[in-house]
Amino acid sequence: MTTPEAEQTEQSQSPRPEERLEKAVRVAEQALIDFEIAVETFRVEVENFARLHEQRLGPLYARIEELDASIAEARAARTQDPEDIRRAAEARANLSPIPGVEELLHGWMDGQGLFPEATAMLTDQPVRPPERVRPSEEVRKLYRDLARKAHPDLAQENAERTRREEFITRVNAAYARGDEALLRELAAEWAAGPVPPERQPSPSDELYARLEWLAQRKELLTLVARELENGAIAGMLRLAPDDPDSLLTEIAERLHGDIARRESDLAALLTQE
């Protein structure tokens, strides 16, 4: 026969109905955080590589387009064929318009005068090398640690979530620049800040809503990741994941060869005139 004391002890040891939901929420939260960190890391890599791609290869592509237009114009001037004339006009129209003075100065000077890169180029001094395609391993480690500790999804109160969102925005900006010193300052700032309150048991309906929100957030991040992966820049990164700089160097060499051939073709056409 079971005594009332035994029944009370058995009931106190039985799991609460919300415990499984709470565990599922915690697992889903951690999975979402890891996934979001991975997507953000990949996004920064893609953006940095796209910036470097434009910086190193953009002028070469522009030169090729200019030569193609000049070749088409030279051919049209020689043949006077209406189709050649149309193609020449189309090639010239497809070129980017000549920028105005303000656009030409953009990136070269501001209210304080010439930027260091511009001064170096005008004085035949070495130009500062482009930024790294990827942040250093130490920067990545600092970023991941901060993102896991201060991620907004760990907040239980609106005020705490807002504080975390503002802090993570600063962390993301520092990571995008590869600023290790600033990330260390942010780590110290977070360590000195208020300790978030321990998670309290939530009603079942709130836990279900939380799981649904986490699923929707993951679906959105999946779409973002897919869009990044399907882009041309990500495709180039996949060709040389360990050394993307070498890929740009290889492409630049091919473009220089294309430019040389076009310059030769243009010179031949102009000589025929």
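The values are calculated or read from the model by the stated rules, or taken from the named source; none is laboratory data. Not measured: the values here are computed from a predicted model. As a convention, Cβ positions derive from the backbone with ideal geometry for all residues, glycine included, and neighbour counts pool all protein chains shown.
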Requested in this report: Evaluate segment 238-259: report whether one residue or more is among the small types (G, A, S), farther than 30 Å from P152 by Cα and in contact (Cβ under 8 Å) with a residue 60 or more places away in the chain.
Outcome: yes
Query raised in the report: Taking segment 239-258 as the region of interest, how many residues are of a type outside the set (A, V, I, L, M) and either under 16 Å from L67 (Cα atoms) or in contact with a Pro (Cβ under 6 Å, 6 or more places away or on another chain) (or both)?
Result: 4
Query raised in the report: Within segment 153-178, how many residues are surrounded by 15 or more Cβ atoms within 10 Å (Cβ to Cβ) and in a loop (DSSP other than H, G, I, E, B)?
Result: 2
Requested in this report: Answer yes or no as to whether A181 is over 20 Å from the mean Cα position of the chain (by Cα) and either touching a residue at least 12 places away in the same chain (Cβ under 8 Å) or assigned to a helix (DSSP H, G or I) (or both).
Outcome: yes
Query raised in the report: Failed condition for E102, given (1) acidic (D, E); (2) more than 24 Å from P59 (Cβ to Cβ); (3) at pLDDT below 85, with all others met?
Result: (2)
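Conditions tested, residue by residue: (1) under 17 Å from the mean Cα position of the chain (by Cα); (2) surrounded by 12 or more Cβ atoms within 10 Å (Cβ to Cβ); (3) in a helix (DSSP H, G or I).
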position: L228; (1), (2), (3): yes, yes, yes
position: G235; (1), (2), (3): yes, no, yes
position: R238; (1), (2), (3): yes, no, yes
position: P241; (1), (2), (3): yes, no, no
position: G257; (1), (2), (3): no, no, yes
position: L270; (1), (2), (3): no, yes, yes
Query - Lone qualifier among A240, A232 - being of a type outside the set (S, T, Y) and at pLDDT 85 or above - result: A232
